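Below is one structure, written out as structure tokens; comments come after it.
Just so you know, all these numbers are worked out from the coordinates, no wet-lab data involved. The structure displayed is predicted, hence computed values, not measured ones. Please note: Cβ atoms are built from the backbone with ideal geometry, for glycine as well, and neighbour counts cover all protein chains shown.
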Amino acid sequence: MEEYLEDYGFHFNTKLFEFAAGMMKDRSGKRISPWDKKKTEEILKTYGVGLENNHGHDAAYVLNMAMADYLGSSITDERHLAMFVKDYLDDPDGSPTRAFDEFYIKTVALGIPIFWDEML
């Protein structure tokens, strides 16, 4: 983990994003088909959403998390999905490492091992 943090800080690289998004399930328990970083950037651009605190694959992680957990419920469409990513990552009193922090704490709480050498 130390080597990962030295290289990427408390942010998602491609491999960690793919690991995290690959575990995501929608509200019915079905695994989602994650949108990659390129698709995430296209959605944000389509709706005019610019991010100040986007590092690595953080926005892609947040978009997929919100898509899995909230789209079709409190988030009604792609425009609001993009706005949620902005609210989450650019929260003025939030942390710029919030996405990674919350993901990591969740894996610890659920007993999900992360093989950090595989994430490099």
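Ordered by packing density, taken as the mean number of other Cβ atoms within 10 Å over each peptide's residues, highest first, how do 74-82, 57-65 rank? The partial results should precede the final answer.
On the way: 74-82: 15.4, 57-65: 26.0.
Highest to lowest by the protection proxy: 57-65, 74-82.
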Item checked: Given (i) 14, 46, 34, 7; (ii) 15, 52, 31, 2; (iii) 13, 44, 26, 13, 4, 0, the label whose value is P(r) over Cα pairs in 10 Å bins from 0, in percent derived from this model -> (i)
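Find how much the distance from Asp90 to Tyr47 grows on full extension, using 0.36 nm per residue of separation minus their present alpha carbon separation; answer in nm with one decimal.
Working: separation 43, 0.36 × 43 = 15.48 nm, distance 1.61 nm.
Between Asp90 and Tyr47, full extension yields 13.9 nm more.
Could you work out the local net charge near Leu51, counting Lys and Arg as +1, Asp and Glu as -1, over the other residues with Cβ closer than 9 Å to its Cβ?
Details: positive: Lys86; negative: Glu52, Asp58, Asp90.
So the environment of Leu51 carries a net charge of -2.
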Notebook entry, point to check: Around Asp101, what is the net charge, scoring Lys/Arg as +1 and Asp/Glu as -1 over all other residues with Cβ under 15 Å from its Cβ?
Noted result: -2
Checklist line | Segments 11-24, 107-120, 34-47 sorted - mean Cβ within 10 Å per residue, highest first | finding: 11-24, 34-47, 107-120
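Between Glu3 and Leu110, what is the FRET efficiency for a Förster distance of 25 Å, r being their Cβ-Cβ separation, to the nearest 0.05? Provide the component values of the computation, followed by the final result.
Details: r = 24 Å, r/R0 = 0.94.
FRET efficiency, Glu3 to Leu110: 0.60.
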Note to self: I want the local charge near Ile75. Using Cβ-Cβ distances under 11 Å, sum +1 for each Lys or Arg and -1 for each Asp or Glu among the other residues.
What the structure shows: -3
Margin query: I'd like the FRET efficiency for Ser74 and Lys15, computed as 1/(1 + (r/R0)^6) with the beta carbon distance as r and R0 of 35 Å, rounded to 0.05.
Written below: 0.70
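Find how much the distance from Leu120 to Asp36 grows on full extension, using 0.36 nm per residue of separation minus their present alpha carbon separation; answer in nm with one decimal. Before the final figure, lay out the partial values.
Details: separation 84, 0.36 × 84 = 30.24 nm, distance 1.81 nm.
Residue separation times 0.36 nm, minus the Cα-Cα distance, leaves 28.4 nm.
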Margin query: For the chain, take the longest principal axis of its alpha carbons; what is the angle in degrees between that and the long axis of helix 98-110, to the nearest 10 within 0 to 90?
Written below: 60
